[in-house]
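What follows is one structure encoded as structure tokens, with my remarks underneath.
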Amino acid sequence: MSAPTTPAGGAPPAGTSDAGTGGAARLIAKLEQELRDLWKPPEDPAATPLTRVCTMNIGVVAPSRELLERYTPVIDEVTASIPARAILASIEPDGGADEITGSATAVCSLSGGKNICSERITLAVHGNASARAASAIEALLVPEIPTALVWLGRVHTDDPVFEDLAGEAHRVVLDSEYTSISSVIHVAAWARGQRNAPEIVDLAWTRIAVWQEMLARFFDDLETRPLASKVTRLVLKQACDPGAGIGPEGALMLGWIGTRLGWKTSRLAGALRLKRADGQAVTIELASVPRPAGVAPHTLAGFMLEAGDDPKAPLLRGSIERELASGLTDQEDTTRDADVIVWRCAKADRAEIEQRIRLGANKAAKWLERTLHRPARDVAFAESIAFAEHIVEDGLTVS
Amino acid sequence: MTTPAPNPLRRGLIEDRTGDPCALVIFGASGDLTRRKLMPAIYNLALSRSLPSGFATVGVARRAKTHAQFCAEMKEGVAQFSRRKPIDPALWSDFERGIGYVQGSFDDPSTYQKLAAHLDEVDKERGTRRNRLYYLAVPPAEFATIVANLREANLVADAAAERSGGPWTRIIIEKPFGDDLQSSRELNDCIASAFAESQVFRIDHYLGKETVQNLLVFRFANSLFEPTWNREHVDNVQITVAEDIGVEGRGKFYEQIGVTKDIVENHLMQLLCLTAMEPPISLSADAVRDEKVKVLRSLRRMEASTIRENVVRGQYGRGFVRGEEVPAYREEPDVAKDSRVETYVAMKVLIDNWRWGGVPFYVRAGKRLPRKVTEIAIQFKQVPHNLFAAPDGGVSPNVLAVRVQPDEGIALRFTTKEPGNATVLRDVAMDFRYGSAFGSNTPEAYERLLLDAMRGDATLFTRRDEVEEQWAFIDPVIDAWRDQAAPPPIYPAGTWGPEQADDLLARDGRRWRRP
Ligand SMILES: NC(=O)c1ccc[n+]([C@@H]2O[C@H](COP(=O)([O-])OP(=O)(O)OC[C@H]3O[C@@H](n4cnc5c(N)ncnc54)[C@H](OP(=O)(O)O)[C@@H]3O)[C@@H](O)[C@H]2O)c1
């Protein structure tokens, strides 16, 4: 599939509207007309006709126009593989005159000789018009198909724009890397109180999915399975400076392991301790590795666990090391940071087994795409994030 | 027998599907199928992180070659035929460490001793846990020899042991599963002498195709269609498996087989079963296959008199396909000048059960037809009373077409009014295409099927009774042709088969679709 493009002449100039009485309605009518015009048969009979495909609505809300502009190519890339109507809105209640402006365009990729097109609507909302943003976005949603709301920036459940849009959505996509684990927890709690609650998903959770799978493999073998209840030590590595706190990926990972293995958190003189179901302590260490240029801070870089009856003589030692920035650039869908992960499992009296796998491209578009493909209901996420909050609150830091 | 406790880290884990640790042993590892399909599929499973951590591939074939030579051949095959290119060096080096080659003849017991010793090593070094997946990528004549030798060499684990968490053994077999009912029974008996049916995975690669799997989802996850999926509403069903190519240098093979055994007995029968079956009680392998077998058992058996009426065969003559002149079948290399092998077959099939009583299933398959297309078309009944004067005097019935290849998708044809002051009717199609809606980089059928076999999921594989019922239906047709003096009628290449095929439907007042 080719990179997404907007067809020549297909992108009409940005429409504007004041936010006075009827202003937003006029803008919506104008945008709807622009969308209809996009799908008229081309006047030039030799032109490749555009095929409109729409499998979902993707609403994106950003606190500034700059952030939205930076995120627009991400959405274009996502809609090249999940054809959708994307409605991208920057909402700046404190800036500019009270107005909503907007434009609509088609974003197409050439696939199998056909121009497969999604629709992209961009809205810029300023000042008091912000109160109308949610209703303007809702009016533009295609009915009968799922809606995902991607909320960039800080999130507050008492924000009426968020509340209205999230109430219309099937899933709300956040990234705890940019908001915080706590705000994701608050949103999840808010959702539980709603009648038709959307599913709350976190891109950081999608990013650790491969780690979860690789970690689960240590206990797939019937011989090692009983050792899952005998983990004695865990080392988490993240790309950061010494002294940094645990990042969302690491915290979610610990939250996931803790809830799966029935661990409890406890305090000793105020310091966090993790205890297994049988009451034995688990040693947790957070280590740092140098962060190569272009790698996000707090990126999960490695994992090691030991298990057995005697912490000094573990029966199982498993590690997962990420070779940061080891991606290839000549592969389709791959980037420098589509890193190799080396999985190793050593058992007493056995040869060490090793496997290398390659992570997918570490691109915002890929994570969003994967998140949208995952089943929405994910019980493990809700459980893990609550556990993770303790770990973040208690400030586990790199020793 | 105790069931082992589940892995706690898998509780609630939304998994990417991964295979169980195992050694994949490919018999016929220097052959065409291994190079073109199997190795690229395994490599793509590695790329998509679907291979287990404990994994090894062991090739077995006759020719002597070093490990390095074998790896180089496999790498070359992957480089040429993988759907994702170029080869990722970091992954390939890891993958290559798990490749081994055992040289020997299939009829020589020492081959299996060497194999057993090699597999012991692999278990230690690669963590394959004594799980074995045998793949017979060999001519069918070799099946019995290999199966008997595996049994003799103690290379087949007890199926019961697997249920209590012990090592498993599975065997994948490529079509053809026999040549007729008798030989398929013999083959199945031979396999059963070493393997329990739960260990046998018979590949019909059509079942690995996305659209074929989607047929189950389409039928049983949408309440709209199932209530109309019966004799009350359906007028007829047409299943077409058309190829535009000829025998492509495989004249010798084709002379032995013909289109009925090559396509109808397996792929087309499977498409028919998935279209006609009742809802299974679950998606477990046996629940789905039980329903398919019921369809096969309900097929009205063909007798000499009905065969003449309901079956049409043909053979392509010279003609034009896609604007190019192409030779007749009898002019192809390795084909007899007076060959009577059919390259086209059309049948009217009846299913004697409550759902389908009286609804004809018209099926056809052929080579050198105008286009490559596989589709299932459900043609609904006419409206009971026509209110509208359409140009051809009637309203065309609704058609639901499931396209299996190419352009996988589903199209529903219905009638609408053209805008304007007059009531002018026009047929329009609601057309859903997979490639457009979900992107086109879907896994190859072999990837899905290999992964399923590694996971022990036999839903998309054919069970013994299915294969035997398929042959039981086809055998009388083949036998009747053997007794017929006349050769199959010739149809010009690039046409939709002989005229007699059109007559088959015309007699019932119907026409073939032009897919
Ligand atoms: N090719 C395809 O795309 C395709 C598609 C669907 C089904 N199939 C089926 O898959 C099977 C294999 O097809 P293929 O095209 O790969 O066949 P092929 O190219 O002829 O390869 C046969 C393989 O079997 C080995 N072999 C044969 N007899 C042997 C013996 N006595 N001892 C040891 N090794 C022996 C050959 O080894 P040496 O080379 O060392 O002699 C070679 O590796 C056939 O049943 C075919 O119908 C093939």
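The values are calculated or read from the model by the stated rules, or taken from the named source; none is laboratory data. Bear in mind the structure is a predicted one, so any value in this text is a computation, not a measurement. Reconstructed Cβ throughout: ideal geometry from the backbone, glycine too, with neighbour counts over all protein chains shown.
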Out of (1) surrounded by 15 or more Cβ atoms within 10 Å (Cβ to Cβ); (2) within 20 Å of B:I474 (Cβ to Cβ), the one B:S183 does not meet is (1)
Please give the helices (runs of 4 or more DSSP H) falling wholly within the range B:229-305 in which 3 or more residues are under 28 Å from B:P515 (Cα atoms) and among the hydrophobic types (A, V, I, L, M, F, W, C).
-> B:269-276
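Let's see how each residue does on (1) surrounded by fewer than 15 Cβ atoms within 10 Å (Cβ to Cβ); (2) of a type in the set (D, E); (3) assigned by TED's automatic domain parsing to the domain that holds B:I478; (4) within 20 Å of B:I478 (Cα to Cα):
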site: B:R231; (1), (2), (3), (4): no, no, yes, no
site: B:G249; (1), (2), (3), (4): yes, no, yes, no
site: B:L274; (1), (2), (3), (4): no, no, yes, no
site: B:E291; (1), (2), (3), (4): no, yes, yes, no
site: B:L296; (1), (2), (3), (4): no, no, yes, yes
Quick one: in the range B:78-106, of everything that is closer than 15 Å to B:T57 by Cβ and of a type in the set (D, E), which residue is nearest to the ligand (Cβ to nearest atom)?
-> B:E96
Here are some conditions: (1) more than 12 Å from the ligand (Cβ to nearest atom); (2) part of a strand (DSSP E or B); (3) in contact with a Cys (Cβ under 9 Å, 6 or more places away or on another chain); (4) not polar (S, T, N, Q). B:Y134 meets all but one. Which one does it not meet?
-> (3)
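Suppose the filter is modelled with pLDDT of 90 or more, crowded, with 21+ Cβ neighbours inside 10 Å and away from every other protein chain (no Cβ under 11 Å); does A:L368 pass it? I'd like the intermediate steps shown before the answer.
Values: modelled with pLDDT of 90 or more: yes; crowded, with 21+ Cβ neighbours inside 10 Å: yes; away from every other protein chain (no Cβ under 11 Å): yes.
Judged against the criteria, A:L368 is a match.
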Restricting the search to the range B:113-131, which residues are within 16 Å of the ligand (Cβ to nearest atom) and surrounded by fewer than 22 Cβ atoms within 10 Å (Cβ to Cβ)?
-> B:Q113, B:K114, B:H118
Taking the range A:97-115 and the residues there that are more than 28 Å from A:A24 (Cβ to Cβ) and part of a loop (DSSP other than H, G, I, E, B), the one that is farthest from the other protein chains (Cβ to nearest Cβ) would be A:G113
What's the number of the condition B:E466 fails, among (1) surrounded by 15 or more Cβ atoms within 10 Å (Cβ to Cβ); (2) in a loop (DSSP other than H, G, I, E, B); (3) of a type outside the set (K, R)?
-> (2)
Matching entry among B:L133, B:L91, B:L119 (being closer than 30 Å to B:P176 by Cα, in contact (Cβ under 8 Å) with a residue 40 or more places away in the chain and in contact with a Leu (Cβ under 7 Å, 6 or more places away or on another chain)) = B:L133
Kindly provide the set of residues from the range B:1-57 that are touching a Gly at 6+ places or on another chain (Cβ under 7 Å), more than 16 Å from the ligand (Cβ to nearest atom) and among the hydroxyl-bearing types (S, T, Y), ordered by number.
-> B:S50, B:S53
Report whether or not B:N222 is under 26 Å from the mean Cα position of the chain (by Cα), in a loop (DSSP other than H, G, I, E, B) and of a type in the set (S, T, N, Q).
-> yes
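Tally time: how many residues in the range B:189-210 are in a helix (DSSP H, G or I) and either surrounded by 21 or more Cβ atoms within 10 Å (Cβ to Cβ) or within 16 Å of the ligand (Cβ to nearest atom) (or both)?
Narrowing the range B:189-210 to residues in a helix (DSSP H, G or I): B:189-192, B:197-199, B:205-208, B:210.
Then keep just the ones that are either surrounded by 21 or more Cβ atoms within 10 Å (Cβ to Cβ) or within 16 Å of the ligand (Cβ to nearest atom) (or both); that gives B:190-191, B:199, B:205-208.
Final tally of qualifying residues: 7.
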Answer residue from the range B:63-86, given it is surrounded by 14 or more Cβ atoms within 10 Å (Cβ to Cβ) and over 28 Å from the mean Cα position of the chain (by Cα) and is farthest from the other protein chains (Cβ to nearest Cβ) among those = B:K65
Within the range A:295-303, identify whether any single residue is part of a loop (DSSP other than H, G, I, E, B), more than 13 Å from chain B (Cβ to nearest Cβ) and of a type in the set (A, V, I, L, M), and answer yes or no.
-> yes
Of (1) in contact with a strand residue (DSSP E or B) (Cβ under 6 Å, 6 or more places away or on another chain); (2) touching a residue at least 24 places away in the same chain (Cβ under 8 Å); (3) away from chain A (no Cβ under 14 Å), B:L450 satisfies every one except (1)
Check on B:R151, away from the ligand (no atom under 16 Å from the Cβ), more than 14 Å from every other protein chain (Cβ to nearest Cβ) and surrounded by fewer than 18 Cβ atoms within 10 Å (Cβ to Cβ) = yes
